[in-house]
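Asks: Here's a structure for you.
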Amino acid sequence: MLEIERKFIVINDSYKALAYRSDRIAQGYLCREGGNSARVRVRGDKGYITIKGPSLDGGLSRYEWEREIPASEALELLKICHGAIIDKIRYLVRCGEHIFEVDEFFGDNEGLVIAEVELNHPDEQFEKPDFIGEEVTGDKRYYNSRLTRFPYKSW
């Protein structure tokens, strides 16, 4: 499945009051090579394994395959991940016809808050909530896989 998304810096915390759901997430990377990655994630009481292809269109789209796995298995897989484990809370915020996923990071990435919106096509229009700032789509520094090796605190 092709994932099309845009990514933005979050400039205020109004998203917290607007969120209809939030979950703590722990995620790590089993491998990262040539733009491909295999990720394991625990979100709430569920586990997931995700394979992503290299970024296309300047970081706007990429192939993504994801399957739910038992949380206990995901926790075991986190033990063999490369680099640091990402610790974040994901807030879901509806804005117009879209849902923004806002990630507030902790640990070595504390202070970083990023919002993503998934689109059906690259030039799809969407309403921007007031917490959205600079667009960072395609800026590899903000890729979660990169944050495990080059955390925000080291910038």
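The values are calculated or read from the model by the stated rules, or taken from the named source; none is laboratory data. Source: prediction; values computed, not measured. Positions of Cβ are backbone-derived with ideal geometry, glycine not excepted, and every protein chain shown enters the neighbour counts.
Asks: I'm checking my understanding of the structure. Among residues of the stretch 1-44 that are at negative phi and of a type in the set (G, A, S), which one is surrounded by the fewest Cβ atoms within 10 Å (Cβ to Cβ)?
Replies: Among those that are at negative phi and of a type in the set (G, A, S), it is A17.
Asks: Applying the selection to the stretch 12-51, what residues are more than 20 Å from E104 (Cβ to Cβ), modelled with pLDDT under 95 and of a type in the set (G, A, S)?
Replies: Scanning the stretch 12-51 gives G34, G35, S37.
Asks: Follow-up. Is there a residue being within 14 Å of D103 (Cα to Cα) and either out of contact with any helix residue (DSSP H, G or I) (no Cβ under 6 Å at 6 or more places or on another chain) or not charged (D, E, K, R) (or both) anywhere in the stretch 54-62? Let's see the steps before the verdict.
Replies: At the first step, the residues of the stretch 54-62 found to be within 14 Å of D103 (Cα to Cα) are none.
No, every residue in the stretch 54-62 fails to be within 14 Å of D103 (Cα to Cα) and either out of contact with any helix residue (DSSP H, G or I) (no Cβ under 6 Å at 6 or more places or on another chain) or not charged (D, E, K, R) (or both).
Asks: Out of (1) part of a loop (DSSP other than H, G, I, E, B); (2) on the phi > 0 side of the Ramachandran plot; (3) touching a Ser or Thr at 6+ places or on another chain (Cβ under 7 Å), what's the single condition that is false for G111?
Replies: If we test G111 against (1) part of a loop (DSSP other than H, G, I, E, B); (2) on the phi > 0 side of the Ramachandran plot; (3) touching a Ser or Thr at 6+ places or on another chain (Cβ under 7 Å), just (3) comes out false.
Asks: For residues in the stretch 1-30 being in contact (Cβ under 8 Å) with a residue 60 or more places away in the chain, part of a strand (DSSP E or B) and of a type in the set (A, V, I, L, M), which is farthest from Q125 (Cα to Cα)? Full working, then the answer.
Replies: First, pick out the residues of the stretch 1-30 that are in contact (Cβ under 8 Å) with a residue 60 or more places away in the chain: 1-16, 18-29.
Retained after the next criterion (residues that are part of a strand (DSSP E or B)): 2-10, 21-29.
With of a type in the set (A, V, I, L, M) added as a condition, the list becomes 2, 4, 9-10, 25-26.
Numbers: L2: 18, I4: 13, I9: 18, V10: 19, I25: 29, A26: 31 Å.
It comes out as A26.
Asks: Do the conditions hold for G47, that is, is it in a strand (DSSP E or B), crowded, with 16+ Cβ neighbours inside 10 Å and in contact (Cβ under 8 Å) with a residue 12 or more places away in the chain?
Replies: On the way: in a strand (DSSP E or B): yes; crowded, with 16+ Cβ neighbours inside 10 Å: yes; in contact (Cβ under 8 Å) with a residue 12 or more places away in the chain: yes.
Here the answer is yes, as G47 does meet what is asked.
Asks: How about the stretch 137-155: which of its residues are in a loop (DSSP other than H, G, I, E, B), within 24 Å of I99 (Cβ to Cβ) and not hydroxyl-bearing (S, T, Y)? Break it down stepwise before answering.
Replies: At the first step, the residues of the stretch 137-155 found to be in a loop (DSSP other than H, G, I, E, B) are 137-139, 143, 148-151, 155.
From what is left, the residues that are within 24 Å of I99 (Cβ to Cβ) are 137-139, 143.
Across the stretch 137-155, the qualifying residues are G138, D139.
Asks: Here's something else I'd like to know. So if I check each of E118, E134, E101, E127, which one is touching a Phe, Trp or Tyr at 6+ places or on another chain (Cβ under 7 Å), modelled with pLDDT of 95 or more and not in a helix (DSSP H, G or I)?
Replies: Working: E118 fails: touching a Phe, Trp or Tyr at 6+ places or on another chain (Cβ under 7 Å); E101 fails: touching a Phe, Trp or Tyr at 6+ places or on another chain (Cβ under 7 Å); E127 fails: touching a Phe, Trp or Tyr at 6+ places or on another chain (Cβ under 7 Å).
Criteria check complete, one pass: E134.
Asks: If a residue must be of a type in the set (A, V, I, L, M, F, W, C), touching a Ser or Thr at 6+ places or on another chain (Cβ under 7 Å) and under 15 Å from S37 (Cβ atoms), how many such residues does the stretch 66-104 contain?
Replies: The total comes to 2.
Asks: Please give the number of the condition I89 fails out of (1) surrounded by 15 or more Cβ atoms within 10 Å (Cβ to Cβ); (2) of a type outside the set (F, W, Y); (3) farther than 17 Å from G107 by Cβ.
Replies: Of everything listed in (1) surrounded by 15 or more Cβ atoms within 10 Å (Cβ to Cβ); (2) of a type outside the set (F, W, Y); (3) farther than 17 Å from G107 by Cβ, I89 misses just condition (3).
Asks: Looking at K88, is it outside any loop (DSSP other than H, G, I, E, B), basic (K, R) and over 18 Å from Y20 (Cβ atoms)? If you could, list the steps in order and put the result at the bottom.
Replies: On the way: outside any loop (DSSP other than H, G, I, E, B): yes; basic (K, R): yes; over 18 Å from Y20 (Cβ atoms): no.
When the stated conditions are applied, K88 does not pass them.
Asks: Among residues belonging to the stretch 70-85 that are part of a helix (DSSP H, G or I) and within 18 Å of the chain's Cα centre (by Cα), point out the one that is farthest from R149 (Cα to Cα). It would help to see each step written out before you state the result.
Replies: From the stretch 70-85, those part of a helix (DSSP H, G or I) are 71-78; that's our starting set.
Then keep just the ones that are within 18 Å of the chain's Cα centre (by Cα); that gives 74, 78.
Values: A74: 20, L78: 15 Å.
This residue is A74.
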